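Read-outs throughout are calculated quantities, based only on the coordinates presented, and are distinct from any laboratory measurement. Just so it is clear, the model here is predicted, and its values are computed rather than measured. Quick reminder, even Gly has a Cβ in these numbers, built from the backbone with ideal geometry, and neighbours come from all protein chains shown.
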Amino acid sequence: GGGTPPPQYLLFNAWCPEDSVFMPNEAERQEYVLSDYGTIYQGSVGALSHRDWVYGQFERGILDACIYLLDSARMPISNRGDAIKLLRKGSAMINSQDDNGVCVGNWSEDFSLGRPPTSWTGSVRILQEYANTGVPVSFAQCWVFAGVFNTFLRALGIPCRVITNFNSAHDNTGNLKTDLIFKMDGSPDERNTRDSIWNYHCWNEAFVTRPDLPPGLGGWQVVDSTPQESSDGHYRCGPAPVAAIKEGLLCHPYDAGFVFAEVNSDVVFHKRDRYGTLTPFRVEKTYIGHSIFTKAVGSSSPSDITHTYKHTEGSAEDARTMSRAEEYGCVRDPLRRPGDSAVCAHQCCTGVPGSGM
């Protein structure tokens, strides 16, 4: 008979050795592609809590909603088979910050114009509402962005998982340090402190090859759709290779320096004297990135993956990582003792010659 044939979508295939998202372990494929629910960790160091989340990537209309998202982003069909471009586009489009994406972030106490972020239990209603109305859905915070992004990636066949980083730094100034400024009386100088520390922050990892980078940097890549800082003009973050972050190879695209600061920056406490001069009076090296968790494969218990992001604090490998971060465009701050912290010289951080988008 007549009628329009249903659209046919060609997805990424983690079972195919030739695919850029090939994952050799069957239990991991079941968890990171096929599982349609999960656990997202929250709380604080020493007080871990969790939230169950329904990803629902196989629910009716969800794949169509994800394709609608790519269409509304005007992503050329020819680019959609490139997992790196897709991750980068997705991390911009899950938030509404500058491109009318899926979720509106709100960190205030006033959610009267939408739903409080804590009221969502899954991604399905959010994606369906966005696809049906074309209007960004209110409201989200980091775990909602990460949960929706996980659904988007799994629906397209890309293996992915939600990560929670406890004591997560937000390096606003790009110097790989978290600078906290205090007034003469010892109270925090919130007006002049641009960096911040969150008790936890959620992002995603996606499992893909990186043919655009040197060997050893494929596998898990950090992507973060919570709008924190702009990257090449859009609020997005990643994909940044976890292996590059661990080794301090911060000039490989994309946004590795920002993620490095989230998990491994020194907290530098500054005091302002009566003349306005800032003097560092304390450096805390072990606070940031205290622990990094994701749901374990095949169970709802947390898996501690801190070791995939950083070497043991104070070890020879840790020292080598910091000096490599220097080499790749970062220099020691001359105000402090060697080993205290690093400052990024942005002009050096232009990426690897010949690396692609």
| task | Would you mind checking the tilt of helix 83-93 against the longest principal axis of the Cα atoms of the chain, expressed as 0 to 90 degrees and rounded to 10? | result | 80 degrees
| said: Going through the cross-link list Lys85/Lys295; Lys89/Lys310; Lys89/Lys246; Lys85/Lys310; Lys177/Lys285, which pairs have a Cα-Cα distance over 20 Å in this structure? | reply: Lys85/Lys295; Lys89/Lys310; Lys89/Lys246; Lys85/Lys310
| query | On a 0 to 90 degree scale, rounded to 10, what angle separates helix 316-327 from the longest Cα axis of the chain? | reply | 90 degrees
| Cα-Cα separations in the stretch 98-184 greater than 14 Å, expressed as whole percent | 71 percent
| By its C-alpha gyration tensor, with a ≥ b ≥ c as the square roots of the eigenvalues, how is the stretch 1-145 shaped: rounded for a/c under 1.5, else prolate for a/b larger than b/c, else oblate? | oblate
| With charges set only on the Cβ (+1 for Lys and Arg, -1 for Asp and Glu), what does the dipole of the chain come to about its Cα centre, in debye to the nearest 20? | 260 debye
| field | Helical contribution to [θ] at 222 nm, DSSP H n ≥ 4, -39,500 (n - 2.57), averaged over the chain, rounded to 500 | value | -6500 deg cm²/dmol
| note | In whole angstrom, largest first, the equivalent ellipsoid semi-axes that the Cα gyration tensor gives for the chain are 35, 23, 19
| request: Treating the angle as unsigned and between 0 and 90°, give the value, to the nearest 10°, between the Cα long axis of helix 62-72 and the longest Cα principal axis of the chain. | output: 70 degrees
| note | Relative contact order as a percentage, the chain, C-alpha pairs under 8 Å and 6+ apart, gives 16 percent
